[in-house]
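What follows is a set of notes on a single structure, which appears directly below.
We did not get these values from a lab; they are worked out from the coordinates using the rules stated. Since the model is a prediction, treat every value here as computed from it, not as a measurement. Neighbour counts are summed over all protein chains in view; Cβ atoms, including those assigned to glycine, are modelled from backbone coordinates with ideal geometry.
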Amino acid sequence: MKTPKCKSCNHHLEWKKVFTSLWFPQKTATCSQCMSHHEITTPLYISILTVVLTNQLALLINNFLSWSSIWMSIAVVIALIISLIILFSIFIPYFARCRLVD
């Protein structure tokens, strides 16, 4: 798995720059070789797959745990969803696409 390539010099963009530009859309990823700026996006199916997998895994894990209170159950599901989103987002830069910004 590799990060997206620069459209100018064909150099792979750094994972950290791609990850940052995905979480903060106003930021662009800059190529370390030629200093060209790229707008980073992800395919729609990756976003939908991440949301669906996150919710399903959180509900599945919560189903195996027994909680006496509904509020504790909701709190655990929310904590699991946040944890899984962070875990899945580590791999999203490898599926990202870039577009050269003028």
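Select from the stretch 1-89 those trypsin sites (Lys or Arg not before Pro) which occupy a DSSP coil region and have at most 13 other Cβ atoms within 10 Å, ordered by residue number.
Values: sites: Lys2, Lys5, Lys7, Lys16, Lys17, Lys27; in loops: Lys2, Lys7, Lys27.
Filter output for the stretch 1-89: Lys2.
Sequence-distant or interchain residues sharing an amide H contact under 5 Å with His12, placed H: which?
Cys6
So for the chain, taking the charge dipole from beta-carbon charges (+1 Lys/Arg, -1 Asp/Glu), which of Ile40, Ala75, Leu13 sits furthest toward the positive end?
The Cα lying farthest towards the positive end belongs to Leu13.
What's the magnitude of the charge dipole for the chain around its Cα centre, counting Lys and Arg as +1 and Asp and Glu as -1 at the beta-carbon? Answer in Debye, nearest 20. Walk me through the intermediate numbers first.
Working: 8 positive and 3 negative charges, 60 e Å.
Roughly 280 debye, rounded to the nearest 20.
Mind checking which aspartates and glutamates have their C-alpha under 13 Å from Lys2, skipping anything on the same chain fewer than 8 residues away?
Hits, sequence-local ones excluded: Glu14.
What residues of the stretch 26-58 lie in the reach of a label at Phe88, counting those whose backbone N is under 17 Å from a point 7 Å from the Cα along Cα→Cβ?
Residues 42-58 qualify, since their backbone N sits under 17 Å from the label point.
Report, to two decimal places, the Cα Rg of the chain normalised by 2.2 N^0.38 Å (N = number of residues). Show your work: numbers first, answer last.
Values: Rg = 17.5 Å, N = 102, 2.2 N^0.38 = 12.8 Å.
In units of the 2.2 N^0.38 Å rule of thumb, it is 1.37.
Would you work out the relative contact order for the chain, in percent, from Cα pairs under 8 angstrom that are 6 or more residues apart?
On the way: 129 pairs, mean separation 39.6, N = 102.
Computed over the chain, the figure is 39 percent.
Straight-line reach only, C-alpha to C-alpha below 16 angstrom: list the lysines that Lys27 could link to, leaving out same-chain residues fewer than 8 apart.
Lys16, Lys17
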